Amino acid sequence: MSILEMKVPSPGESITEVEIASWLVKDGDYVEKDQPIAEVDSDKATLELPAEQSGVITLKAEEGEVVQVGQVVCLIDMDAAKPSGSSEAPKTENAEAPKAEEKVVEKAAIVQEAKKEEKPAATSYAAGTPSPAAKKILDEKGVDAAQVSGSGKGGRITKNDAETASVPAMGAASTGGSRGSSTTKLSVLRRKLAARLVSVKNETAMLTTFNEVDMSEIFRLRKQYKEEFAQKHGVGLGFMSFFTKAVTRALQLYPDVNASIDGDYKINYDFCDISIAVSGPKGLMVPVLRNAETMTFRGVEANIKSLAEKVRDGKITVDEMTGGTFTVTNGGTFGSMMSTPIINPPQSAILGMHNILQRPMAIDGQVVIRPMMYVAMSYDHRIIDGKESVGFLVAVKEAIDNPVEFLMGGDERKALEL
């Protein structure tokens with residue numbers, strides 16, 4: 001008999017354990033080579049585990065179990081024949097018939113026995129009604145009579161029933177509605193994210209600076225070119241390409257924002273790897289745009305679309321989320337007006353975008369309505385001073401307020417490759 005021991009592969013550098021999020025097959029199923037058999041959660045992503053060979057599978061780990069990289073999680077019997085028409089081995093009709101007949105007879109016997117023991121429930125107009133003395137006690141205790149089982153004749157609530165009835169917890173209203181709750185274990189990804197966020201708050205000198213940007217020009221450009229851009233490039237012209245290019249420009253003007261701290265040393269990067277926060281079914285993930293400073297508007301939009309689809313389909317890899325020198329997160333898609341984003345370590349800064357509101361603004365002595373967005377930058381004050389942080393955000397603002405001049409070199413059609 002040829003038995004293959006399937007071990008947990010390493011999802012990426014520094015990852016030593018994963019959690020079996022769910023088995024996609026059952027114990028005893030026949031699986032094909034490369035068929036996804038499980039989803040595993042690491043501290044960075046959810047990955048599919050494919051079968052290494054075809055055969056009948058025996059599971060060796062439970063859903064929710066944390067296993068080490070290299071640990072055997074299932075066995076595959078490669079000599080087992082593939083069943084025809086079903087994933088389960090065929091069973092003979094003669095062997096099943098007696099069992100089916102026995103189950104029918106057994107079920108009938110149980111039903112007959114239940115009928116013998118069954119007694120008609122006593123019903124009465126008094127069922128659930130408290131006696132006068134019981135009603136007084138229940139009113140004083142603040143207990144709803146509907147929550148008390150009566151032990152008196154016909155189900156009537158007696159004085160003793162009222163005296164022993166439980167009093168609702170302080171501040172709890174007795175509404176008769178559902179009071180259920182459920183407890184679920186946090187995934188490895190969520191537990192690791194929680195630990196990282198707490199460590200950032202405890203280990204960095206994090207501050208946040210705010211500004212506002214006028215989206216009028218970006219609105220104009222998108223309205224004027226969105227159809228032509230989509231037809232030529234196959235992707236939409238969104239806000240993220242403008243903000244990504246504004247950020248890479250500002251990072252080159254203020255290189256200390258594009259840095260990280262390592263003990264007593266500061267590491268400056270001459271490239272801009274921009275992490276884009278994307279909400280997926282397993283939580284917030286941050287795929288990375290490598291060398292975003294070299295990308296065109298089309299390149300940024302195409303790469304963001306591809307990475308976002310991988311996150312939402314659960315196909316993002318650890319390598320695609322590793323690294324990053326600066327993060328952009330857009331809470332505005334969920335309606336956030338203002339927030340203080342948390343730094344994504346070991347990075348030193350993050351830009352938060354928010355929702356766009358039509359607001360009255362004073363422009364050249366006149367009150368005009370403009371589409372405005374608040375932006376926030378959180379940064380590690382250990383290596384970024386106030387001058388750099390404020391200057392960086394002002395550089396982002398001027399690029400968004402006037403993208404044709406600062407991001408497109410004065411030629412919007414050429415910049416959009418139209």
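Size descriptors for the stretch 270-372 (Cα atoms only): Rg and Dmax, in that order, 16.2, 53 Å. Distant-in-sequence amide contacts of Glu212, defined by a placed amide H-H separation under 5 Å and a gap of 5 or more residues or a different chain, comprise Val375. Less than 5 angstrom separates the built amide H of Ala21 from those of Glu39, Val40, Asp41, Gly64, all sequence-distant by 5 or more or on a different chain. Checking the cross-link pairs Lys26/Lys310; Lys232/Lys305; Lys266/Lys305 against a 22 Å limit on the alpha carbon distance flags Lys26/Lys310; Lys266/Lys305 as lying beyond it.
Residues whose amide H lies under 5 Å from that of Ser336, counting only those 5 or more places away or on a different chain, are Asn355; hydrogens are built 1.01 Å from N in the peptide plane.
What a 1.4 Å probe finds exposed on the stretch 306-418 is 54% carbon and sulfur by accessible area, rounded to a whole percent. About the centre of its Cα atoms, the stretch 260-418 shows a dipole size close to 540 debye [charges on the beta carbon of Lys, Arg (+1) and Asp, Glu (-1) only; nearest 20 debye].
Under the simplified labelling scheme, the Ser2-Tyr269 pair shows an inter-label distance of 4.6 nm, with each label point 7 Å from Cα along Cα→Cβ. The value of relative contact order for the stretch 291-386, using C-alpha pairs under 8 Å at least six residues apart, is 22 percent. Placing +1 on the Cβ of every Lys and Arg and -1 on the Cβ of every Asp and Glu, with no other charges, gives the stretch 22-72 a dipole of roughly 120 debye about its Cα centre.
Residues in the stretch 323-418 average 44 Å² of solvent-accessible surface per residue, probe 1.4 Å, ligands and nucleic acids excluded.
Listed by chain and number, the aspartates and glutamates whose alpha-carbon sits under 17 Å from that of Lys159, ignoring those within fewer than 8 places in the same chain, are Asp139, Glu140, Asp144. Shape call for the stretch 185-275 from the C-alpha gyration tensor, a ≥ b ≥ c root eigenvalues: rounded (a/c under 1.5), prolate (a/b greater than b/c) or oblate? In terms of gyration-tensor shape, prolate. Per-residue 3J(HN,Hα) values for the stretch 59-73, derived from phi via the Karplus relation 6.51 cos²θ - 1.76 cosθ + 1.60 with θ = phi - 60°, read 7, 10, 9, 8, 4, x, 7, 8, 10, 7, 4, x, 7, 6, 10 Hz in sequence order (x marks Gly and Pro).
The values are calculated or read from the model by the stated rules, or taken from the named source; none is laboratory data. The shown structure was predicted, so the numbers you read here are calculated from the model rather than taken from an experiment. Cβ coordinates were reconstructed from backbone atoms using ideal geometry, including for glycine residues, and neighbour counts include every protein chain displayed. Keep in mind that these areas ignore ligands, DNA and RNA; they rest on the heavy atoms of the full protein, side chains included. Shrake-Rupley method; radii C 1.70, N 1.55, O 1.52, S 1.80 Å.
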